[in-house]
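Derivation of every value follows stated rules applied to the coordinates shown; laboratory data play no part. These numbers were taken from a predicted model, which means no experiment stands behind them. Cβ atoms come from the backbone with ideal geometry, glycine included; neighbour counts cover every protein chain shown.
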């Protein structure tokens with residue numbers, strides 16, 4: 001089908017304006033004076049900015065296109081996104097403030113940095129960096145596919161889609177190089193306003209256009225497609241999958257390098273606690289977007305490609321202006337998270353692979369330049385992989401969450417477990433990855449999310465092996481660990497005093 | 001009620017609503033506020049969880065265990 005010229009013009013104008021704002025956000029030179037300034041904004045962001053930034057991070061083009069397509073083809077399995085994000089935000093209330101405080105005390109900008117200092121292990125830090133970068137590039141490609149699909153629907157017959165995708169990603173890389181984290185933060189404000197306005201408008205108007213009202217849509221869904229409205233109790237993906245997928249994805253969420261980058265921009269631990277309270281608000285949009293997938297199920301001709309469910313629904317329901325605004329929203333939801341993901345991946349590469357292993361004596365100025373330049377490498381790699389080996393990426397994308405969650409014991413357990421050793425953690429992490437990949441490759445999931453098996457093995461191995469290594473760290477003075485656990489000990493002493 | 005116990009309870013509640021309860025709420029009827037029951041339940045959890053988080057936040061502040 002040919003695109004709509006008005007829609008295409010509106011989409012391109014909005015995207016170009018946003019790119020321009022991305023550049024303006026970084027016109028002050030101090031934004032790129034150090035890695036800490038460039039990647040985490042000098043840790044000066046208050047609760048509102050973090051909320052916008054983490055929201056911009058997590059609600060991506062893939063969220064909207066992926067959830068509607070899952071709802072279209074898999075019904076209520078798509079609802080797993082709700083418990084998943086709610087659990088992620090809830091647990092973040094407890095561990096993010098601790099992690100943030102550590103990151104501020106030691107001036108670090110990545111999770112791998114945290115592991116390096118907490119465990120005194122460059123190898124563990126390297127493993128975490130590798131997992132982070134390896135899982136993030138396919139994730140960037142999901143965004144790439146998102147914008148490509150959007151432009152295909154909007155621009156067929158007018159533009160060379162691939163060429164425009166490459167240009168827009170290059171522009172994003174350029175403004176990220178230039179403005180650092182400020183770029184995606186300020187542009188996220190526009191994206192968030194558009195997301196809220198457009199998604200609420202779609203949810204309010206589409207049921208009325210196609211069914212008369214929300215109520216009659218639900219009536220029709222209940223009578224004609226009840227299978228969409230509950231989680232299947234038979235088949236390969238049922239309730240056990242739903243529960244384990246929610247839990248594992250929830251634990252994994254803040255392990256992603258781009259989410260961690262958002263966290264480290266906070267100016268105080270309290271800002272993160274407030275953020276944990278308000279982040280669930282975003283989910284109002286999510287739950288409604290899932291219903292758009294159900295609308296598409298009834299409105300689109302049978303046999304439509306689920307991947308295009310939302311885009312085709314918009315295209316057949318509205319004129320050029322609304323189409324343009326909606327496509328622009330999805331395009332921004334693809335480009336802005338990419339920018340944050342690129343910062344996360346560049347940071348891991350420059351700090352934890354280049355500096356720690358290749359050139360430990362690098363000067364801060366040079367390291368800053370290398371971190372910034374890595375943005376082009378990361379986005380370039382994503383473009384190349386996405387265009388040259390699209391099918392090889394599918395597995396990595398499916399495994400992304402399951403792979404990322406394997407660093408959870410190394411990052412989060414270690415905030416609470418004083419005697420956790422690097423040896424047990426490293427072996428657990430490796431076993432977890434191997435189990436995840438094996439379960440995935442052989443398809444022996446028993447109806448459970450792959451990452452759950454991996455995480456289970458990981459935790460069991462870590463806990464079981466730890467006693468064998470604990471003598472290496474026990475009774476040895478370690479100022480870093482003493483500082484991390486100082487407060488807990490103080491409280492324990494106070495509690496015993498009270499008891500006595 | 002003991003503050004510690006209350007915090008413990010509020011920490012467990014979101015997991016109960018969002019995970020443990022799911023097999024029992026996996027149904028269409030009753031339809032509440034135009035949402036099939038499963039969606040309504042998740043919507044409810046989406047409101048209750050931040051409230052739990054907020055109360056824990058206030059309790060911890062009053063305890064002085066966070067600054």
Note down the Stokes-Einstein diffusion coefficient of the protein assembly as shown in µm²/s, whole number, using a Kirkwood radius over alpha carbon pairs, 37 °C, and 0.692 mPa s. 135
Peptide ranges A:40-47, B:25-32 listed from the most packed, as the mean C-beta count within 10 angstrom indicates: A:40-47, B:25-32
How many angstrom lie between the C-alpha centres of region A:266-314 and region A:32-46? 30
Inter-chain shielding of A:289-298 (mean C-beta neighbours from other protein chains, 10 Å cut-off): 1
How compact is region A:269-328 by the rule of thumb for globular proteins, expressed as Cα Rg over 2.2 N^0.38 Å? 1.56
Rounded to 10°, Cα long-axis angle of helix A:479-499 versus longest principal axis of chain A: 80
Relative to the longest principal axis of chain B, what angle (0 to 90°, nearest 10) does the C-alpha long axis of helix B:37-63 take? 0
Per 5 Å bin, what percent of the C-alpha pairs of region B:3-63 does each bin hold, from zero upward? 4, 19, 23, 18, 14, 10, 7, 4, 1
Would you calculate the separation in nanometres between label points at residue A:413 and residue A:27, each defined as 7 Å from the Cα along the Cα-to-beta-carbon direction? 5.1
Normalised by the number of residues in region B:3-63, what is the relative contact order in percent for Cα pairs under 8 Å and 6+ residues apart? 39
By how many degrees, 0 to 90 and rounded to 10, does the Cα axis of helix A:320-347 deviate from the longest principal axis of chain A? 20
How many nm is it between the label spots at residue A:16 and residue A:475, if each spot is 7 Å from the Cα in line with the beta carbon? 7.2
When you take every Cα atom in region A:231-303, what is the radius of gyration, and what is Dmax, the widest Cα pair distance, in Å? 17.3, 52
The alpha-carbon center of region A:47-81 and that of chain B are separated, in whole Å, by 21
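Within 10 Å of each Cβ in A:276-283, how many Cβ atoms from other chains are there, averaged over the peptide?
Partner-chain Cβ atoms within 10 Å, mean over residues of A:276-283: 5.
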So for each of A:317-324, A:361-368 I average, over its residues, the number of other beta carbons within 10 Å; can you give me the resulting order with the highest mean first? A:317-324, A:361-368
Please list, short to long, the whole-number percent of alpha-carbon pairs of region A:358-450 in consecutive 5 angstrom bins beginning at zero. 2, 11, 13, 13, 13, 18, 17, 8, 3, 1, 0
For a protection proxy built on the mean count of beta-carbon atoms within 10 angstrom, sort A:404-415, A:201-212 highest first, please. A:404-415, A:201-212
Centroid-to-centroid separation of region A:86-115 and region A:171-206 [C-alpha atoms, Å]: 25
Would you tell me the mean number of C-beta atoms belonging to other protein chains that fall within 10 Å of each C-beta in A:355-361, as a whole number? 0
